[in-house]
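**Q** This is the structure I have questions about; it appears just below.
The values are calculated or read from the model by the stated rules, or taken from the named source; none is laboratory data. The shown structure was predicted, so the numbers you read here are calculated from the model rather than taken from an experiment. Positions of Cβ are backbone-derived with ideal geometry, glycine not excepted, and every protein chain shown enters the neighbour counts.
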């Protein structure tokens, strides 16, 4: 029974996210989601109490995505690229959702209904170790405590994401975050990303 509910929740979530992207979050009703997903309203309310819970549930797929990048993480050229893979996985999801839907996530975060950034922050111990390695290998030249620098780096990424949402996606998010992190960490030029990242 739990597996069936999980499949139903996943199907409803995928349908709802597509509708949110197409019509905007505020314009989509539970009725529209149920009709498009081909499920009864009672089935919807068995797994979600309202449409905001769909977005909260969708954050679990962000966690699952980190498992999907593990092979690339292991095979990455260096620890700077590993730091970037963890950050970029989150940014790619934001770009896929688009600025309007990300705005709703921010509202849910601010209202305390979800913990959007805890996923990234849960990797802080790894990121600290990766930054220590980058410094030992001369990839980055930034001074300061890695335990303080990593939260600052994540705050830069969050601030840029907020700005990207605020201005309706008017700049390339991933490229801007990568460039800003490279400046912040004082990455040696030979380790800087050479080709533009596409959103």
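**Q** Quick one: would you say residue 101 is in a loop (DSSP other than H, G, I, E, B), surrounded by 15 or more Cβ atoms within 10 Å (Cβ to Cβ) and within 13 Å of the chain's Cα centre (by Cα)? Quick ask: steps written out before the conclusion?
**A** On the way: in a loop (DSSP other than H, G, I, E, B): no; surrounded by 15 or more Cβ atoms within 10 Å (Cβ to Cβ): yes; within 13 Å of the chain's Cα centre (by Cα): yes.
In short, no.
**Q** Right, something else. Are there any pairs, at least 6 apart or on different chains, whose C-beta atoms fall under 7 Å, with the first in segment 111-122 and free of Cβ contacts under 8 Å to residues at least 40 places away in the same chain and the second surrounded by 15 or more Cβ atoms within 10 Å (Cβ to Cβ) and not in a loop (DSSP other than H, G, I, E, B), and if so, which?
**A** 120/90; 120/154; 121/154
**Q** Can I ask one more? So which of 128, 140, 132 ends up being in contact (Cβ under 8 Å) with a residue 40 or more places away in the chain and over 30 Å from residue 53 (Cβ atoms)?
**A** Numbers: 128 fails: in contact (Cβ under 8 Å) with a residue 40 or more places away in the chain; 132 fails: in contact (Cβ under 8 Å) with a residue 40 or more places away in the chain.
Only one candidate qualifies: 140.
**Q** Residue 75 versus (1) surrounded by fewer than 17 Cβ atoms within 10 Å (Cβ to Cβ); (2) touching a residue at least 12 places away in the same chain (Cβ under 8 Å); (3) closer than 30 Å to residue 190 by Cβ: which is the lone unmet condition?
**A** (2) is the only condition that residue 75 fails.
**Q** State whether one or more residues within segment 188-199 are surrounded by 12 or more Cβ atoms within 10 Å (Cβ to Cβ), out of contact with any helix residue (DSSP H, G or I) (no Cβ under 9 Å at 6 or more places or on another chain), at pLDDT 95 or above and not in a helix (DSSP H, G or I).
**A** Of all residues in segment 188-199, those surrounded by 12 or more Cβ atoms within 10 Å (Cβ to Cβ) come to 188, 191-193, 197, 199.
Cutting the leftovers down to out of contact with any helix residue (DSSP H, G or I) (no Cβ under 9 Å at 6 or more places or on another chain) gives us 188.
Right, trim to at pLDDT 95 or above and you get 188.
The next check asks that each one be not in a helix (DSSP H, G or I); those that pass are 188.
Looking through segment 188-199, at least one residue is surrounded by 12 or more Cβ atoms within 10 Å (Cβ to Cβ), out of contact with any helix residue (DSSP H, G or I) (no Cβ under 9 Å at 6 or more places or on another chain), at pLDDT 95 or above and not in a helix (DSSP H, G or I).
**Q** Could you run through segment 57-87 and say how many residues are outside any helix (DSSP H, G or I) and modelled with pLDDT of 85 or more? Don't jump to the end; show me each part of the working.
**A** Going through segment 57-87, the residues outside any helix (DSSP H, G or I) turn out to be 69, 76-78.
The next check asks that each one be modelled with pLDDT of 85 or more; those that pass are 76-78.
Of the residues in that region, 3 qualify.
**Q** When you scan segment 28-58, how many residues do you find that are surrounded by 13 or more Cβ atoms within 10 Å (Cβ to Cβ) and within 20 Å of residue 110 (Cα to Cα)?
**A** Number of matching residues: 8.
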